[in-house]
1. From the set of residues in the stretch 51-64 that are surrounded by fewer than 24 Cβ atoms within 10 Å (Cβ to Cβ) and in a helix (DSSP H, G or I), which is nearest to the chain's Cα centre (by Cα)?
2. May I ask you to list pairs of residues, at least six apart or on different chains, whose Cβ atoms are under 8 Å apart, with the first in the stretch 79-108 being on the phi > 0 side of the Ramachandran plot and modelled with pLDDT under 95 and the second being in a helix (DSSP H, G or I) and surrounded by 12 or more Cβ atoms within 10 Å (Cβ to Cβ)?
3. Given the structure, is residue 170 farther than 30 Å from residue 1 by Cα and out of contact with any helix residue (DSSP H, G or I) (no Cβ under 8 Å at 6 or more places or on another chain)?
4. Can you tell me which of 76, 123 is surrounded by 13 or more Cβ atoms within 10 Å (Cβ to Cβ) and either farther than 19 Å from residue 17 by Cβ or under 20 Å from the mean Cα position of the chain (by Cα) (or both)?
5. For the stretch 200-208, does any single residue satisfy the condition of being in contact (Cβ under 8 Å) with a residue 12 or more places away in the chain, surrounded by fewer than 24 Cβ atoms within 10 Å (Cβ to Cβ) and part of a helix (DSSP H, G or I)?
6. Considering every residue within the stretch 147-157, establish whether at least one is free of Cβ contacts under 8 Å to residues at least 40 places away in the same chain, under 20 Å from residue 57 (Cα atoms) and touching a helix residue (DSSP H, G or I) at 6+ places or on another chain (Cβ under 7 Å).
7. Taking only the stretch 94-131 into account, find how many residues are more than 26 Å from residue 187 (Cβ to Cβ) and either touching a helix residue (DSSP H, G or I) at 6+ places or on another chain (Cβ under 7 Å) or assigned to a helix (DSSP H, G or I) (or both).
8. If you scan the stretch 225-238, which residues turn out to be closer than 19 Å to residue 186 by Cα and free of Cβ contacts under 8 Å to residues at least 60 places away in the same chain?
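The values are calculated or read from the model by the stated rules, or taken from the named source; none is laboratory data. Model, not experiment: these values are computed from the prediction. Every residue, glycine among them, receives a Cβ derived from its backbone with ideal geometry; neighbour counts consider all protein chains shown.
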């Protein structure tokens, strides 16, 4: 159950990793807004469910909130020509006050009898298995949606604008407009992650998003490294690999905790494991080449 809980949390954070994948890998945009939009999705969920709103209403509001945050970052970057990191930091800082205003205090607990996305599937006797099944379905829907989106004309425009903005403009694509829409979609995904995690843990906290972007970046890199090791080139596999990276990241932390390691060393050990996984694809060709020479 300890490791199943870690896998379930990894699936819930998968939407966050998909959002970071869009901003980082498609637009080469390190979006720090994630810290704020993840919390925004969480606080909207906690307050909305505590107020008696339905899960669908709360989900829609969370996505809209995240997309507005991403739009703000995109407009600051494209219209005011500010650095990508600075744009994200400004919006993230502003979102802290907005999130605190929505919460009304530092944290809000979701009532036990409140509506929840995890109440839709109650096949198993233990709630953790029902949560895992629900998140697995959500994972399939998100991967399918993003795979389809990136294969549409708009998705191809996103990829073109991210890879070569000058060439995209030459083909009549507004790179700035596409980037704003892309960042809005990315932060919509990130807000969904906050929506899921709050229902999973039962509360929202004003500081729940602090450092979450680092987890997302690590998961994206791990997922891509795993896909490279197995030679997976198909779009849906690479997108699914991002969520797998999120699960691996959570399992690494769980393994460290179960080994009885002092909590102060967890970050260091996690960083070392991430470094090994990320560096392995680059080391293998070098090792193979050396063997052939010898």
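1. Let us first name the residues in the stretch 51-64 that are surrounded by fewer than 24 Cβ atoms within 10 Å (Cβ to Cβ), namely 51-57, 59-61, 63-64.
Imposing the further condition that a residue be in a helix (DSSP H, G or I) reduces the set to 55-57, 59-61, 63-64.
On the way: 55: 20, 56: 20, 57: 21, 59: 16, 60: 17, 61: 18, 63: 13, 64: 16 Å.
Once the filter is applied, the top-ranked residue is 63.
2. 104/47
3. yes
4. Going through 76, 123 in turn, the sole match is 76.
5. yes
6. No: zero hits.
7. 10
8. Selection gives 237, 238.
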